[in-house]
1. Surrounded by fewer than 10 Cβ atoms within 10 Å (Cβ to Cβ) and within 13 Å of the ligand (Cβ to nearest atom) - does that describe any residue in the stretch 94-105?
2. So which residues in the stretch 1-18 are part of a helix (DSSP H, G or I), free of Cβ contacts under 8 Å to residues at least 24 places away in the same chain and within 11 Å of the ligand (Cβ to nearest atom), if there are any at all?
3. Scan the stretch 19-34 for residues that are in a loop (DSSP other than H, G, I, E, B) and on the phi < 0 side of the Ramachandran plot and jot them down.
4. With the condition kept exactly as written, say whether any residue in the stretch 67-83 is within 16 Å of the ligand (Cβ to nearest atom) and exposed (fewer than 11 other Cβ atoms within 10 Å of the Cβ).
5. Test residue 25 against the stated conditions and say whether it is within 10 Å of the ligand (Cβ to nearest atom) and exposed (fewer than 12 other Cβ atoms within 10 Å of the Cβ).
6. Could you pull out the residue among 31, 89 that is closer than 21 Å to residue 101 by Cβ and either surrounded by fewer than 10 Cβ atoms within 10 Å (Cβ to Cβ) or away from the ligand (no atom under 13 Å from the Cβ) (or both)?
7. Can we say residue 62 is out of contact with any strand residue (DSSP E or B) (no Cβ under 7 Å at 6 or more places or on another chain), outside any loop (DSSP other than H, G, I, E, B) and farther than 23 Å from residue 8 by Cα?
8. Please go through the stretch 1-19 and give me each residue that is exposed (fewer than 10 other Cβ atoms within 10 Å of the Cβ) and over 24 Å from residue 70 (Cα atoms), ordered by number.
Ligand SMILES: Cc1cc2nc3c(=O)[nH]c(=O)nc-3n(C[C@H](O)[C@H](O)[C@H](O)COP(=O)(O)O)c2cc1C
C-alpha cells in the first residue's frame, strides 16, 4: 500500500475524493470510514484538539476499537512481521519496512553484565 499511502499524503482531499481510492467500511462508531485493504484499522473517538499555534492542530484520539486482518494474527495476537507496517523516516524522507528480530524481549536484558 506504499504507493497509495504516499499519494494520499501528497494530494489534498479538497481536490480528490480519497475515499474512492479504497474499499471503505464503517465500524462500531459508524463515523469515520476505514480502509478494508489495510491490515489494521484503529477506530478513534476525538477527545481533544490542541492548537499548536502554527498552521497545525494536534488531534488526540482514544482508540475505541481495533480491526485486524485474520492473516495478520499469530495465536490470536497481532504479529508485526505479518502486518508489515510502513515506517516513515522524516530525516531521509523514505519509507522503510521493519527489520529482523534483534533480541528476545523480557529475556535478553538478563544477559546484562556490568563488567
Ligand atoms: C511522507 C508524508 C508525511 C507527512 N506527514 C505529515 C505529518 O506528520 N503531519 C501532517 O499534518 N501532515 C503530514 N503530511 C501531509 C498530509 O498528508 C497532507 O497535508 C494531507 O494529506 C493533505 O490532505 P488533506 O487536505 O485532505 O488533509 C505528510 C505527507 C507525506 C507525503
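1. Yes; the residues of the stretch 94-105 include at least one that is surrounded by fewer than 10 Cβ atoms within 10 Å (Cβ to Cβ) and within 13 Å of the ligand (Cβ to nearest atom).
2. Hits for the stretch 1-18 are 7, 8, 9, 10, 18.
3. Passing the criteria: 22, 23, 26, 27, 28, 29, 31, 32, 33.
4. no
5. no
6. Only one candidate passes the filter, namely 89.
7. no
8. Within the stretch 1-19, 9, 10, 12, 13, 14, 15, 17 meet the criteria.
Here, each number is a calculation from the coordinates, and none is a lab measurement. Remember, predicted model here, so these are calculated numbers, not experimental data. Cβ: placed from backbone, ideal geometry, glycine included. Neighbour counts: every protein chain shown.
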